[in-house]
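Taking it in order: structure first as structure tokens, then the write-up.
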Amino acid sequence: MTRRTFFLLASVSFALALAAVTPWSVPSLRLDRQVAGQVERVTGLTLVSDGEVTLTLLPVPRITLPDVTIRTANGESIVFARQMRADINLLSLISARRIDIAETTLIAPTIHLRPFTTGDLWPGVQKRLNSGDASTATTRLTLLRGQVLDDDNDVADSIDLFAKWSPEGDDLDFNGRARWRGEMVEFRAVNLAPRNLAAGQSSPAWISVSSRLLSVSLLGTIDAAEQLRTRGRFSLKTPSLSDAVQWLDRPLPLAAQIGSLALSGDGDLSLRGGSIPAATIELGKNPLEGALVLRVEDNRPILSATVAADTLDLDRLLEPLTPVRSSWGSWSRENFAPMLGSASLDVRLSANAARLGALVFENVAAGIMMNAGRTEVSVGRATLGQGSLKGRLIMTQSQAPAVDARLIGSFDQIEAGDIVNEVFGNRRFAGLAQGQLALESSGRSFATLANALSGKISLSLRQGEISGLDLAEIAKRVQARPLSTAMEWRGGRTNFDQIGFGLTITDGVGEITEGTMSAQGLRGSLGGRIDFGDRQFNLRGVVAAPTTAVPGKGFPLGITGNWDSPTIAPDIQALIERSSVTAPLFAVPVDSRQRGPTRADAVKAQ
């Protein structure tokens, strides 16, 4: 080959290559018709392009259409894209002069959601998927920088989608990402069978949707014969259930108390509900197993669950919606969050052990029911040490955020020292406690609940002790030396047989009735008030030896001050007045005592 021939061939090749990679404007009518015809054969939708159509042969034969609108059979716009790129089969174009689209790319498409929800679109698509025309469908579809609108409201944006369908095997795979409600969401589906779904049959599926707040996956099947229904292995994870349900705008009871959540199990779910008979659940650090049933009635979720746990941490689960105490120690005045009236919950819970602070409950059987602004928490059985307890708390939304609350319960053989240590932080008291309570109140916060509290509490302590006081020794010494006893009353311990009292509460103030104490070499009484609203004690007790003729002449003790740091001290004034040394100082002089009228006064009166 001569140099001249070589340069000639090179120039021609360069010119052909340049012509192939350069977009050429072509008469749009015929290309528009062929592209639109293929779209209509496959989907039943109408495609219209408003602009100049270009054709590029290299590196991939491609037709580019600007300002593309895709409409339904009744003329309603379903998709508008700034540009549509259709990669075509070159052999079909040359040999048969037919355009077979191999891959379609839509640039900045706007997808209108309403036509997808009316039900008018799918019958035509199903008919064409079941026909032979679907074999010429686009095998690959790409959406770049898309958005979804619902009545001109932005539903999702920043959509990138990559889909591939193999018509011969009826195998559809797609993946992508989108921004929904301010969060980027990644999604993926593998092994879908569109023709099976169109024919009313089930399709295998592996689907996953994940975001920063929530991840959901399904490995199983999808059935769309009557309604969308899924069966298989479900998995759900969220680092914060409260944030997740707020993002989904689907209120869920106790979401703030649960924290992180992980759920998995085989089940059957549809838009009307479903069940997971053997679910594995992790609520924070609490692993549980059980059955879940979900129903949706009038767009209101109704969840029923029967779950069991080996160990359960109640500190997080029972954390209230608002703080119980304020930063300075009083009851919180922060209003309660409104109860959720749009959701219903019925949970039956059993646990071998449940921890609340330093207390460990065993053999717990409890339940939580929430419905239409009413919450009921019941403990049917729980053991604490050698004792047992049961109770029920009922809260009803009266006028949001006000709550009407009622608490009833009973306990037997409970070690009081554990309770006192957990509530007050000390172990001065110990003994086996037995009692009942029936309380009710109404308010917008814990402060108003405490101030409006009413009801009755009865308590009996048996076979216990009081640390830091030897009341029997004090009662013996006080008869002879009341003042010195008042100076040296601390130390030792008191073993008692029984302490009992009743408490009648009205408007947040409890009045002690029938407060008694019995022990070897000792008897005592207790009276006074407990202010639940201000968290104050104002109690007075008297202990005396059994031989004391007048019980009131025993050793007087006062319990006063705040619940967190009460003051226990003898009544010094009463002891001073009883002392043989100081009593004359408080005696009334004889000449100043009340005397009868004199004779002179009587005469004057006449």
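The values are calculated or read from the model by the stated rules, or taken from the named source; none is laboratory data. These numbers were taken from a predicted model, which means no experiment stands behind them. As a convention, Cβ positions derive from the backbone with ideal geometry for all residues, glycine included, and neighbour counts pool all protein chains shown. The protein model used for the area step is the full one, side chains on, heavy atoms only, and it has no ligands, DNA or RNA in it. Shrake-Rupley method; radii C 1.70, N 1.55, O 1.52, S 1.80 Å.
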Within segment 66-78, the residues that are in a strand (DSSP E or B) and out of contact with any Gly (no Cβ under 7 Å at 6 or more places or on another chain) are Val68, Thr69, Ile70, Arg71, Ser77, Ile78
Counting only residues that are surrounded by fewer than 16 Cβ atoms within 10 Å (Cβ to Cβ) and modelled with pLDDT under 85, which one in segment 336-358 is farthest from Val296 (Cα to Cα)?
Ala358
Could you list, in sequence order, all residues of segment 213-239 that are of a type in the set (Ser, Thr, Tyr) and under 20 Å from the mean Cα position of the chain (by Cα)?
Ser215, Ser235, Thr238
Check on Glu465, open to solvent by 30 Å² or more (accessible area, probe 1.4 Å), at pLDDT below 95, charged (D, E, K, R) and within 31 Å of the chain's Cα centre (by Cα)
no
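Let's see how each residue does on (1) modelled with pLDDT under 85; (2) in contact with a Ser or Thr (Cβ under 6 Å, 6 or more places away or on another chain); (3) not assigned by the TED database to the domain that holds Ile559:
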site: Gly491; (1), (2), (3): yes, no, no
site: Thr494; (1), (2), (3): yes, no, no
site: Asp497; (1), (2), (3): no, yes, no
site: Gly500; (1), (2), (3): no, yes, no
site: Leu503; (1), (2), (3): no, no, no
site: Arg535; (1), (2), (3): no, no, no
Please enumerate the residues belonging to segment 209-239 that are assigned to a loop (DSSP other than H, G, I, E, B) and farther than 24 Å from Pro277 by Cβ.
Ser211, Arg212, Leu213, Pro239
Looking only at segment 362-396, count how many residues are in contact with a helix residue (DSSP H, G or I) (Cβ under 8 Å, 6 or more places away or on another chain) and assigned to a strand (DSSP E or B).
1
Residues located in segment 162-186, provided they are of a type in the set (A, V, I, L, M, F, W, C), out of contact with any Leu (no Cβ under 7 Å at 6 or more places or on another chain) and open to solvent by 50 Å² or more (accessible area, probe 1.4 Å)
Phe162, Trp180, Met184
Of residues in segment 79-95 being farther than 13 Å from Leu106 by Cα and outside any helix (DSSP H, G or I), the one modelled with the lowest pLDDT:
Asn89
